[in-house]
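Structure first, then comments.
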Amino acid sequence: MKYVEDFRAPKLARALAARIAAEVESGRDYRLMEFCGGHTHAIFRYGVKDLLPANVRMIHGPGCPVCVLPITRLDMAIALARRPKVTLCTYGDMLRVPGSRKQSLLKARAEGADIRMVGSTMDAIRLAEENPDREVVFFAIGFETTTPPTAVAIKAAEARGLANFSVFCNHVLTPAAITNILEAPEIRQMEAVEIDGFLGPAHVSVVIGSQPYDYFAEEFRKPVVIAGFEPIDVMQSILMLVRQINEGRAEVENQYTRAVTPAGNAAAKALVAEVFELRRTFEWRGLGRVPYSAFRLRDRFAGFDAERRFGMTPDRAVENKACDCPKILRGAAVPSDCRLFGKQCTPQTPLGSCMVSDEGACAAYYKYGRRRAAPNRREAAE
Amino acid sequence: MRHATFDNGVVEMSHGAGGRDMADLIRHLFVAAFDNPDLTGEEDQAILSFPTGRMAISTDGFVVSPMFFPGGDIGSLAVNGTVNDVAMGGADPVALSCSFILEEGLPLADLSRVVESMATAARAAGVRIVTGDTKVVERGKGDGIFITTTGFGQVREGVSLSARNGRPGDVVLVSGTLGDHGVAVMGRREGFDFDTDIVSDCAALNGLAGALLDAVPQTRLMRDPTRGGLAAVLNEIAEASRVGITIREDALPIRAGVAGACEILGLDPLYVANEGKLVAVVPPEHAQAALAALRAHPLGAEAAIIGELRADPDHFVEMETAFGGRRMVDWIAGEQLPRIC
């Protein structure tokens with residue numbers, strides 16, 4: 001804890017807050033997107049916003065693994081879990097995410113489906129070994145951080161000759177999503193999401209390194225600062241972005257030097273490359289179909305691919321039309337803009353994925369930031 | 001299995017069937033362990049002489065998994081949990097009833113260990129277990145052992161505690177470190193493979209609560225922050241008293257080991273269960289006396305003043321973060337953790 005607390009030190013926070021306040025130019029807005037839900041969570045949990053000048057505005061990005069999974073894919077997982085002999089293993093966050101027709105994994109489980117919450121892909125391997133008469137499927141979601149552990153499990157299943165283990169792969173790629181946010185004309189024209197700079201992912205960058213971001217900085221003239229997940233990391237990175245913007249620079253800078261190198265984790269990248277290949281296109285909640293933005297299993301591992309093994313096909317998903325999650329995920333709306341927020345949609349009764357995970361913008365707003373939007377408060381809504 | 005020794009063998013359906021096996025179990029295990037004049041095993045009820053005045057009653061079911069954990073087990077928890085609920089009403093607990101639901105196949109040695117633990121906890125708390133019931137369910141229909149206890153206590157003269165009593169300006173105290181129980185139980189849970197030297201804080205709070213009430217009879221209310229942790233208790237108080245509450249993060253007593261485990265597991269100690277801590281709200285002029293009274297008791301050595309009640313039409317609980325910002329402390333949403341009590 002000693003090591004962690006250094007990155008939460010109030011004195012350092014005040015000093016950084018004072019520097020940011022001194023260096024921002026009045027009459028200018030600094031619209032900074034934090035891509036990762038981990039940053040969103042830290043900003044709310046530690047009250048970072050209270051330490052920022054009014055013209056530094058944080059825009060919450062789509063980097064919440066649970067939030068960006070389209071309902072279609074969740075529906076497919078629920079349908080799979082309902083098949084006889086199937087045991088579906090999932091990370092806990094997915095359980096309460098609402099699918100079509102008021103379904104969720106939690107509901108399916110209550111109705112008899114065998115759905116297990118696991119903390120690690122190797123728990124799923126263990127379940128497969130212990131239950132040779134069950135088809136154990138790991139519901140793989142997440143960005144570059146959760147992809148290598150899935151690869152490890154697939155390799156382990158191959159090495160152990162586990163015939164009853166497979167993976168429903170939904171792993172997605174961060175750089176593709178950032179490009180999409182910056183590039184997609186319909187997003188830029190329709191909703192005018194102006195972004196002056198990016199707080200780059202922390203843990204994702206540990207795996208992929210800082211090099212993949214060079215493209216945005218050059219192509220889109222947007223500064224990127226790769227930031228750690230502790231509040232001091234966030235504050236320092238905001239200061240670095242403010243300086244780049246003031247000086248008209250658009251570079252990739254690395255604040256999270258204690259963990260991120262330019263090339264990233266070579267072993268993890270090699271493992272991922274061995275097991276997975278790019279999908280031509282993949283649907284994201286909020287972003288639509290994004291080319292080359294997700295992984296599927298290579299043919300060599302086809303036997304472990306649940307989609308092929310069970311002939312899984314998408315059904316037509318039913319979205320709640322009033323739910324603003326898609327816009328929120330693009331940074332085009334904030335949670336309190338949504339008509340459902342805090343009324344029909346709460347962490348107890350989530351109607352959209354952003355209200356479920358701790359990394360979701362709506363959950364973070366509700367849990368930590370609701371006071372700003374409360375009807376009885378004078379404080380301006382964000 | 002007539003003359004069971006309880007060192008080996010398992011619970012069988014016959015232990016709940018009303019015949020000789022059940023009678024043996026009751027006499028040689030429960031009555032022998034709980035040993036007190038009100039519990040003979042011969043009657044269908046206990047008859048107690050009760051002083052006049054107000055009586056506090058509380059009932060609670062215990063389903064913790066695993067049933068043994070560092071610092072306690074389902075037995076000590078079943079006694080202390082209900083003793084504490086009675087004590088939080090300003091009452092001195094006198095007697096407990098207990099109902100066991102046992103799963104066929106439960107090792108008798110485990111049952112015996114749980115029952116001995118209950119007896120020890122009851123003696124430590126100064127309460128008698130005066131009546132009980134045993135049922136056995138088929139294998140697969142339970143999870144080893146479920147215990148329900150009901151506690152009875154005599155409410156102190158002149159004391160009137162209620163979650164509605166809080167007023168703006170009142171001071172909030174906790175009696176010690178937060179989150180020990182939840183982390184100790186989770187550390188033992190299958191799938192959560194981590195070693196921790198944290199032990200459950202499971203303890204009877206009637207002595208500590210009594211010491212506080214002796215020193216500060218003006219105490220507005222007490223609560224034990226079990227499931228849902230400190231956050232749940234503060235939100236209950238805020239809603240019932242129709243106030244807001246502000247706490248200070250740097251004032252919260254949290255062990256480094258608990259903070260570290262929470263960090264790794266992605267938990268917030270504010271939401272983690274305690275089984276031997278109380279939250280008290282007192283008028284501001286009595287805050288120091290209350291703090292001194294808690295700290296003078298062995299269970300309250302790490303007590304701290306953590307915040308204040310304030311006027312707030314939204315009844316929000318907020319925390320001034322150690323980092324220098326503010327955030328809401330909301331109810332926990334859902335439950336993705338194992339059974340902890």
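List of remarks:
- Treating each Cα of chain A as one equal point scatterer and applying the Debye formula with no solvent, the log10 of I(q)/I(0) at q = 0.12, 0.13 Å⁻¹ comes out as -0.93, -1.08.
- Here the simple spin-label model places points 7 Å from the Cα toward Cβ, and for A:Ala263 and A:Asn320 these points are separated by 4.8 nm.
- Partner chain coverage, peptide B:310-320 - average Cβ within 10 angstrom: 3
- When all alpha carbon pairs of segment B:46-111 are counted in 10 Å bins from zero, the resulting P(r) reads 17, 43, 27, 12, 1 %.
- Label point at B:Ala32 placed 7 Å out along Cα→Cβ; residues across segment B:91-116 whose backbone nitrogen lies under 15 Å: B:108-116
- Net charge, B:Asp224 excluded, C-beta distance under 14 Å - Lys, Arg +1, Asp, Glu -1: -3
- Here the sum of -39500 (n - 2.57) over DSSP H runs of 4 or more residues, divided by the residues of chain B, equals -8000 deg cm²/dmol at 222 nm, to the nearest 500.
- The lysines within cross-link reach of A:Lys222, meaning a Cα-to-Cα straight distance under 24 Å and a gap of 8 or more places when in the same chain, are A:Lys49, A:Lys327.
- For residues of A:41-51, the mean tally of beta carbons on other chains within 10 Å: 5
- Scanning chain B for trypsin sites (Lys or Arg not before Pro) in DSSP loops with at most 10 neighbouring Cβ atoms within 10 Å leaves B:142-341 as the longest stretch between them.
- By DSSP, the beta bridges lying fully in the protein assembly as shown are antiparallel in about 50 percent of cases.
- Per residue Cα convex hull volume in Å³ - calculated over segment A:325-370: 62 Å³
- When the alpha carbon gyration tensor of the protein assembly as shown is reduced to an equivalent ellipsoid, the three semi-axes, largest first, read 48, 35, 20 Å.
- Rounded, prolate or oblate (a/c below 1.5 giving rounded, otherwise prolate when a/b exceeds b/c) for segment B:121-167 by Cα gyration tensor: prolate
- Hull volume per residue, based on the alpha-carbon atoms of segment B:171-328 and their convex hull, is 109 Å³.
- Placing +1 on each Lys and Arg Cβ and -1 on each Asp and Glu Cβ, with no other charges, gives chain B a dipole about its Cα centre of roughly 580 debye.
- Shape descriptor for segment B:13-155: Rg over Rh equals 0.96 (Cα atoms; Rh from the Kirkwood inverse mean 1/r).
- Normalised by residue number, the volume inside the convex hull of the Cα atoms of segment A:289-364 is 144 Å³ per residue.
- Hydrophobic, long helices, defined as DSSP H runs whose alpha-carbon span along the helix axis is 15 Å or greater and whose mean Kyte-Doolittle value is at least 0.5, occur in chain B at B:74-87, B:108-125, B:229-241.
- Two-site label geometry, A:Ala273 and B:Gln288: point separation in nm, points 7 Å out along Cα→Cβ: 6.9 nm
- With Cα atoms as the point set, segment B:20-80 shows a radius of gyration and Dmax of 15.1, 41 Å.
- Calculated diffusion of chain B, Stokes-Einstein form, Kirkwood radius summed over Cα pairs, 10 °C and 1.306 mPa s, µm²/s: 76 µm²/s
- With 5 Å bins beginning at zero, the pair-distance distribution over Cα atoms of segment B:236-341 amounts to 2, 10, 17, 22, 22, 17, 8, 2, 0 %.
- For segment A:73-182, the fraction of alpha-carbon pairs lying more than 25 Å apart is 22 percent, rounded to a whole number.
- Scattering profile of segment A:88-134 at q = 0.20 Å⁻¹ [log10 I(q)/I(0), Debye over alpha-carbon scatterers]: -0.68
- Here's the list of lysines a cross-link from A:Lys85 could span, going by alpha-carbon distance under 30 Å and ignoring same-chain residues fewer than 8 apart: A:Lys102, A:Lys107, A:Lys155, B:Lys141.
- Springs join every pair of Cα atoms under 10 Å in this Gaussian network model of chain B, and among B:Leu96, B:Leu234, B:Leu48 the largest mean-square fluctuation is at B:Leu48.
- Taking each DSSP H run with n ≥ 4 as -39500 (n - 2.57) and averaging over every residue of chain A yields -10000 deg cm²/dmol at 222 nm.
- Here B:Arg20 and B:Arg139 are evaluated by their C-beta separation; at R0 = 22 Å the FRET efficiency comes out at 0.50.
- Calculated FRET efficiency for the pair B:Thr120/A:Ala302, C-beta based, R₀ 56 Å, to 0.05: 0.40
- Segment B:106-265 shape via C-alpha gyration tensor axes, a/c threshold 1.5: oblate
- Stretch gain in nm, segment B:Ile57-B:Met13, where the contour uses 0.36 nm per residue and the Cα spacing is subtracted: 12.7 nm
- For chain A, built as a Gaussian network whose Cα springs stay under 10 Å, the top-fluctuating residue of A:Phe220, A:Phe139, A:Phe198: A:Phe220
- Scalar couplings 3J(HN,Hα) for segment A:247-253, obtained by applying the Karplus form with A = 6.51, B = -1.76, C = 1.60 to θ = phi - 60°, are 8, x, 8, 9, 10, 8, 10 Hz; x denotes Gly and Pro.
- Using alpha carbons only: equivalent-ellipsoid semi-axes of segment B:184-270, gyration tensor based, whole Å: 28, 17, 12
A short reminder: the numbers here are calculations on the coordinates, not readings from a lab. As the structure is a computational prediction, the values presented were derived from the model and not from experiment. Don't worry about glycine lacking a Cβ; one is built from the backbone with ideal geometry, like all the others, and counts go over all protein chains shown.
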